[in-house]
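A.B. asks: Here it is: the structure, laid out below.
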Amino acid sequence: MRFETGLLLGGGLFLIGFLGCAWVVWDWISSGFGPLQEVRAVLFWSMWLFLGIQVTFSSFFLSMLGISRGTYIGDYDLK
């Protein structure tokens with residue numbers, strides 16, 4: 001998996017989770033800030049939001065593992 005693919009997948013999952021959480025908040029605001037009845041929806045959409053963050057950071061970490069040893073900055077062969 002490439003870094004760009006992980007960024008797109010993570011960004012998409014984050015966006016889906018963010019929009020779902022925004023929908024729950026909008027519904028809660030429109031009900032007059034009463035008791036929050038949709039705790040399961042908050043947990044569901046938050047899971048997608050945090051999963052998107054996790055995929056993004058994991059793809060960054062895995063792309064760093066794929067860098068070859070010869071491309072490190074400051075890795076000089078002192079003689």
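A.B. asks: Quick one: in the range 1-59, of everything that is of a type outside the set (A, V, I, L, M, F, W, C) and open to solvent by 90 Å² or more (accessible area, probe 1.4 Å), which residue is modelled with the highest pLDDT?
C.D. replies: Taking the candidates together, the pick is 54.
A.B. asks: Among (1) loosely packed, with under 15 Cβ neighbours inside 10 Å; (2) at pLDDT 95 or above; (3) not polar (S, T, N, Q), there is one condition residue 74 misses while meeting the rest; what is its number?
C.D. replies: (2)
The values are calculated or read from the model by the stated rules, or taken from the named source; none is laboratory data. All values derive from a computational prediction rather than experimental measurement. Ideal geometry is used to build each Cβ from the backbone, glycine not excepted, and the neighbour counts take in all protein chains shown. Surface areas here come from the heavy atoms of the whole protein model, side chains and all, with no ligands, DNA or RNA. Shrake-Rupley method; radii C 1.70, N 1.55, O 1.52, S 1.80 Å.
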